[in-house]
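Remarks on the structure that follows.
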Amino acid sequence: MDSLRNSIKRLNPLSASDSDFLESMPFWLPATALVLLFVYGAIGWNVIISFTGWSGLGQPDYTNFTLEMYRQMPSDPDFMASLRNTIALLVAFTGVSLVVGLGLALLVDRKIRFESTFRTIYLLPMALSFVVTAIFWSWMYASNGLINTTLSGLGLGWLAHDWLGDPRFKLAAVIFALVWQFSGYCMIVYLAGLRSIPNDHYEAARIDGASTLTLYRRIIIPQLRSSTVGATVVLMVFALKAFDFIYVMFGTNPGRSVDILAVTMYREAFSSSEWAYGAAIAVVLFALALTIIGPYAYTQYKRGAL
Amino acid sequence: MADLQLDDVTKVFVEDDGNEITAVDEVSLAIDDGEFLVLVGPSGCGKSTTLRMVAGLETVSDGAIRLGGSVINDAKPAERDIAMVFQSYALYPHMTVRENMSFGLEESTSMPDDEIASTVEDAATMLGIDDLLERKPDDLSGGQQQRVALGRAIVRDPEVFLLDEPLSNLDAKLRAQMRTELQRLQEDLGVATIYVTHDQTEAMTMADKIAILNDGQLQQVGTPLECYHEPANLFVASFIGEPSMNFFDVSRDGETLVHDDFTYELTSAVASELGDHDELVLGIRPEDIELRSTQDDTHSYETFVDVVEPMGNENNVYLTFDADSTETFVATIDGLNHVEDGQSVIAHVPEDAIHIFDRASGSALRNRTLDTQAMPEPQL
């Protein structure tokens, strides 16, 4: 039966695929319709709201669309601060996580003992939710928390700071905690990349006279390019979504030094009832996510990987 | 002065549970300058380990490897003046052909860039890959990748080439073509070469000298023809040659070899070579068995054709002594000689072509007599 259907498909691909499309509809249509409505519909509605001036109680006015919300962004110091923080978090968190993850992967890949134990230890933080790690790190960073206590215990009391209160350290503290949580993920991605490099390449490089440093710099790390790109995209998307971590740690008003777009969006919409402005910030966030995912998705599509 | 010498080289691997496995057992070999040595044996016989010890990719457990007189056991791979071609080619996928070929020169020599470029281009021209220099390995066919891997070795201008089953990833036609090409290249370059393969055809056709390994032990070293016609033992006799030599377990009764299905009379000259060994193996190459229609001599036996494999130029005829038996032996006859399945034929086993081995030790007691003739130069 199948072979008959296949041969019909070969003879007349158009009608066969049409009938496949119709036949399979009951299976995919309900889910697709729900996704279209609640994901893409909601995004669309959000975009529309951002063009209205909706704020406070009452209904949005769909008769008069303006770009006012977007126009006021550059002059809003809160927005600009959170945009800066978002980008700083994005770049620093992604960069440091990749470097730490690569370092861990190179170490774990050196045929060490208890390799799988180390792998699990490093990967475990990834399995925890942001809420858990945010509370955990608030304790760590507290003025009498583990970090400060350890520092003073070691006679390094002058290094102890109010990590979550001092605007100079807040963002760095958040980035450090996030790096702790995600470098294990980078390690796994890099480890998979390293494992896919055949042993012959290491040996050929040794015969070619490459030092260990050159081996990694010129032969191994360049071959981890696709691992890096994949991990980067995932990390950046997580950085944009770091809302829950900051929200749990600082609440809706973390202060300008650590405010990020996601928190500003939430605060404008749900604390200040500036619905349209919140929606406009959401659109900016969405555009940022698209600029990260878009090129990746496009190159993957070009390579036939999607 | 590049003669490479292996003196009682041994490699012992220690497993996690403390078990010791001897992969290479006191192998001694010598390769002269410009010589093409083929290390051949079944998988797991230690041939690749031997090569990797020469390359410096495995440590030597015992014995010495000498290159040009000095021991190189502890030298780093890059310091050994060797170049290796891997079975998988091991081309760096993110580098162009040019970068792949120059990498070794950049890392191991202080050669200036323009000299590296011209060396690489010369080698590429010699291999016919000069128009591929800017391509990446993934864009090349298997044969082209093979050439790049060779080119990468050639530019190093080493004292010794090490080739680890370099042709095994190519299709049959290309493999035969690359075989001749490699041979020609090696002759032109005049560099001592160790070539590892499990394919006895490659060993026979390419080697100046074959070294046959089994279970980590060297079985025989000799020219291809020596190994073929004068095998040192049963293993060599069975490994070299396709289809492989026929063996019959026989016992000796005076000057007669007794098999379950036949007896074979020896002349006293041959019998005297056997010493006091009684449990023997009689060997005969398929092409030495003649098929006849009349039984006119003591070394002829009535047999039945079980299966015929026509190869075109020759037929492999599988014969049995008994029409119902499944124990066959094979004779190779001219491709134009027609025989049918089930037909009865007379197989003649000439005494000057037989090999006799001691069954217990496997060592050869008598090999066939050789009467090789040189092809006369044409008188023009």
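The values are calculated or read from the model by the stated rules, or taken from the named source; none is laboratory data. If you're wondering where the values come from, they're calculated on a predicted model, not measured in any experiment. Glycine also receives a Cβ, built like all others from the backbone with ideal geometry; neighbour counts cover every protein chain displayed. The accessibility values were calculated without ligands, DNA or RNA, using every heavy atom of the protein model including side chains. Shrake-Rupley method; radii C 1.70, N 1.55, O 1.52, S 1.80 Å.
Quick notes on this structure:
- Selected residue (criterion: farthest from the chain's Cα centre (by Cα)) from residues of segment B:180-204 that are of a type in the set (Ser, Thr, Tyr) and surrounded by fewer than 17 Cβ atoms within 10 Å (Cβ to Cβ): B:Thr180
- Subset of segment A:174-199 that is in contact (Cβ under 8 Å) with a residue 24 or more places away in the chain and aromatic (Phe, Trp, Tyr) - its residue that is nearest to the other protein chains (Cβ to nearest Cβ): A:Tyr190
- Taken together, B:Pro224, B:Pro231, B:Pro166, B:Pro158 contain a single residue that is more than 27 Å from B:Leu282 (Cβ to Cβ) and touching a helix residue (DSSP H, G or I) at 6+ places or on another chain (Cβ under 7 Å), which is B:Pro166.
- Being in a loop (DSSP other than H, G, I, E, B), aromatic (Phe, Trp, Tyr) and more than 21 Å from the chain's Cα centre (by Cα) is true of A:Tyr62.
- Taken as a whole, the structure leaves A:Tyr122 outside the set of residues that are in contact with a helix residue (DSSP H, G or I) (Cβ under 8 Å, 6 or more places away or on another chain), outside the structural domain of A:Val234 (by TED's automatic domain parsing) and in a helix (DSSP H, G or I).
- Checking the stated criteria, A:Asp208 turns out to be within 30 Å of B:Phe86 (Cβ to Cβ) and open to solvent by less than 20 Å² (accessible area, probe 1.4 Å).
- Residue in segment A:211-232 that is nearest to A:Gly184 (Cα to Cα), counting only those that are open to solvent by less than 20 Å² (accessible area, probe 1.4 Å) and facing chain B (nearest Cβ under 7 Å): A:Ile219
- Search result, residues across segment A:208-222 that are charged (D, E, K, R) and assigned to a loop (DSSP other than H, G, I, E, B): A:Asp208
- The set of residues from segment B:135-168 being under 22 Å from B:Ser108 (Cα atoms) and surrounded by fewer than 16 Cβ atoms within 10 Å (Cβ to Cβ) comprises just one member, B:Asp157.
- Count of segment A:40-73 residues which are out of contact with any Phe, Trp or Tyr (no Cβ under 8 Å at 6 or more places or on another chain), over 12 Å from A:Ala276 (Cα atoms) and open to solvent by less than 70 Å² (accessible area, probe 1.4 Å): 4
- Among (1) away from chain B (no Cβ under 14 Å); (2) within 21 Å of the chain's Cα centre (by Cα); (3) surrounded by fewer than 21 Cβ atoms within 10 Å (Cβ to Cβ), the one test that A:Asn253 misses: (2)
- Taken together, the criteria exclude A:Arg84 from residues that are of a type outside the set (Asp, Glu), in the same structural domain as A:Thr228 (by TED's automatic domain parsing), open to solvent by 50 Å² or more (accessible area, probe 1.4 Å) and assigned to a loop (DSSP other than H, G, I, E, B).
- Among the residues making up segment B:23-80, those that are more than 14 Å from chain A (Cβ to nearest Cβ) and among the charged types (D, E, K, R) are B:Asp25, B:Glu26, B:Asp32, B:Asp33, B:Glu35, B:Lys47, B:Asp62, B:Arg66, B:Asp74.
- One residue alone among A:Ser50, A:Ser97, A:Ser82, A:Ser55 is closer than 17 Å to A:Trp180 by Cα and touching a residue at least 40 places away in the same chain (Cβ under 8 Å), and that residue is A:Ser97.
- A:Asn144 vs. criteria part of a helix (DSSP H, G or I) and either more than 22 Å from the chain's Cα centre (by Cα) or aliphatic (A, V, I, L, M) (or both): no
- The set of residues in segment A:98-139 being of a type in the set (Val, Ile, Thr) and buried (at least 17 other Cβ atoms within 10 Å of the Cβ) consists of A:Val100, A:Val108, A:Thr133.
- Yes/no for B:Thr328 being in the same structural domain as B:Leu257 (by TED's automatic domain parsing), surrounded by 16 or more Cβ atoms within 10 Å (Cβ to Cβ) and touching a Ser or Thr at 6+ places or on another chain (Cβ under 8 Å): yes
- In segment B:81-96, the residues that are more than 9 Å from every other protein chain (Cβ to nearest Cβ) and over 31 Å from the mean Cα position of the chain (by Cα): B:Thr96
- Of note, B:Glu115 does not satisfy the criterion of being open to solvent by 30 Å² or more (accessible area, probe 1.4 Å) and facing another protein chain (nearest Cβ under 8 Å).
- Counted residues, segment B:266-276 - those being out of contact with any Leu (no Cβ under 6 Å at 6 or more places or on another chain) and open to solvent by less than 80 Å² (accessible area, probe 1.4 Å): 7
- For segment B:169-177, the condition of being aliphatic (A, V, I, L, M) and buried (at least 19 other Cβ atoms within 10 Å of the Cβ) holds for none of the residues.
- Out of A:Tyr247, A:Tyr202, one residue alone is within 11 Å of chain B (Cβ to nearest Cβ), open to solvent by 10 Å² or more (accessible area, probe 1.4 Å) and among the aromatic types (Phe, Trp, Tyr). It is A:Tyr202.
- Members of segment B:97-112 that are surrounded by 23 or more Cβ atoms within 10 Å (Cβ to Cβ) and not polar (S, T, N, Q): B:Val97, B:Met101, B:Phe103, B:Gly104
- Criterion (assigned to a loop (DSSP other than H, G, I, E, B), in contact (Cβ under 8 Å) with a residue 12 or more places away in the chain and open to solvent by less than 10 Å² (accessible area, probe 1.4 Å)) met by exactly one of B:Ala83, B:Ala90: B:Ala90
- Flag for B:Glu134 being in a loop (DSSP other than H, G, I, E, B), under 25 Å from the mean Cα position of the chain (by Cα) and either more than 12 Å from chain A (Cβ to nearest Cβ) or farther than 26 Å from B:Asp188 by Cβ (or both): no
- Residue check for A:Leu235: part of a helix (DSSP H, G or I) and either within 12 Å of chain B (Cβ to nearest Cβ) or more than 20 Å from the chain's Cα centre (by Cα) (or both): no
- For the condition part of a helix (DSSP H, G or I), open to solvent by less than 70 Å² (accessible area, probe 1.4 Å) and under 16 Å from A:Phe238 (Cα atoms), A:Ala279 does not qualify.
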